[in-house]
Structure formats: structure tokens, C-alpha cells
Amino acid sequence: MTEKSYTCPYCLRTGGQGKAGRNKTGSQRYRCSRCGGVYTPDPILSGYSESDRFIIAALYIIDQDFFRAHNEFTARALAETFHVSHQTIINWSREYQLEVLIQLRKVRSISQFNSNHLALARYLSFLRQGNTMDVSKFLEKDLSELPTRTKN
Ligand SMILES: [Zn+2]
């Protein structure tokens with residue numbers, strides 16, 4: 001695998017740009033070997049991809065609106081788990097609320113999820129990408145793929 005080559009925004013050198021940890025939101029930082037400048041070339045929102053943010057927002061929304069009594073995925077709990085602020089969780093939930101609710105309406109056999117928020121959230125995300133698959137087929141596939149789903 002080849003590493004994408006960045007250009008230093010300070011001295012404009014390309015190449016010799018080494019990784020320099022991550023910023024608060026988890027985006028990769030780089031340090032220029034010539035001038036020592038540190039910068040974040042791709043400041044992804046909170047370091048999470050669009051689909052990850054959707055899933056995290058869905059967990060929160062499902063827990064709030066759907067399994068009312070659960071309170072398993074509070075903004076605080078999610079914030080702690082995903083190393084973002086409590087406010088970030090709230091912001092994402094606002095951003096994705098409508099889409100999550102629209103996708104939820106498509107899921108007829110909610111009971112098949114047995115309150116498995118994460119599987120349901122992944123299914124919603126899957127539907128949102130324009131895919132269609134029966135819930136039970138999705139679950140079968142999803143569960144068989146679970147061991148490889150590790151976040152780096
Ligand atoms: Zn430089």
C-alpha cells in the first residue's frame with residue numbers, strides 16, 4: 001500500500017511528510033521534515049466517516065425514540081465510546097434525524113433485531129446507501145461478518 005503524499009502548506013514541499021499523531025477529533029496530522037510544520041490535510045469531521053456518523057447518530061436516535069426505556073446509548077455514553085464530545089453526538093443526531101426516521105419506517109420487522117441497536121443502525125445505514133435486502137438476510141450476513149469489523 002502506498003501512502004498518499006501530501007504537500008506542506010507552509011513550505012510547499014511534497015514528500016518527506018511524516019505522520020504526527022492525531023488531532024482532538026481523530027484526524028491524522030502530518031509533520032514536514034523540512035520546516036517542521038504540523039498540519040491536518042484532511043480534517044474529517046470528528047475523524048469519522050459519513051456512514052460511521054450516521055450509524056452513531058442512529059444509535060442515539062433509536063435509543064431515544066424507539067426503545068424509549070433503554071437509555072443504553074445516551075449522548076454521554078456514545079461520546080465516551082467514540083471519543084467525541086457530548087455536543088457532537090447531539091449535533092450528529094440533529095443532522096441525521098430525518099434520514100434515520102425515514103429509514104426506520106422502511107424496516108418492517110424491527111422485532112427481528114431484538115433490540116440490537118448496532119445491527120439496526122447498520123441496517124439503516126445500508127438502506128440509506130440505496131441498497132435493499134431483507135432484514136433477516138442482512139442480519140445473517142451482518143453477523144457472519146462481525147468478527148472482521150474492527151475499527152482502527
Ligand atoms: Zn514544510
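Per residue of region 132-139, what does 6.51 cos²θ - 1.76 cosθ + 1.60 with θ = phi - 60° give for ³J(HN,Hα)? Whole Hz please, x for Gly and Pro, Karplus curve as stated.
10, 6, 4, 4, 5, 5, 4, 4
Run the dipole for region 48-148 about the Cα centre, Lys and Arg Cβ at +1, Asp and Glu Cβ at -1, nothing else charged, and hand back the magnitude in debye, nearest 20.
260
I need the peptides 119-130, 54-65, 7-18, 72-83 ranked by packing, meaning the mean over residues of other C-beta atoms within 10 angstrom, with the highest value on top.
54-65, 119-130, 72-83, 7-18
I need the Kirkwood Rh of region 48-148: take the reciprocal of the average 1/r across all distinct C-alpha pairs and report it in angstrom.
Across region 48-148, the inverse of the average 1/r is 13.7 Å.
Give me a comma-separated list of calculated 3J(HN,Hα) values for region 99-104, in order, Karplus coefficients 6.51, -1.76, 1.60 applied at θ = phi - 60°, integers in Hz, x for any Gly or Pro.
Each residue's phi maps through the Karplus curve to give 5, 4, 5, 4, 5, 4 Hz.
Read the figures in this text as sums done on the coordinates, not as results from a lab. Quick caveat: nothing in here was measured; it's all calculated off a predicted structure. Glycine also receives a Cβ, built like all others from the backbone with ideal geometry; neighbour counts cover every protein chain displayed.
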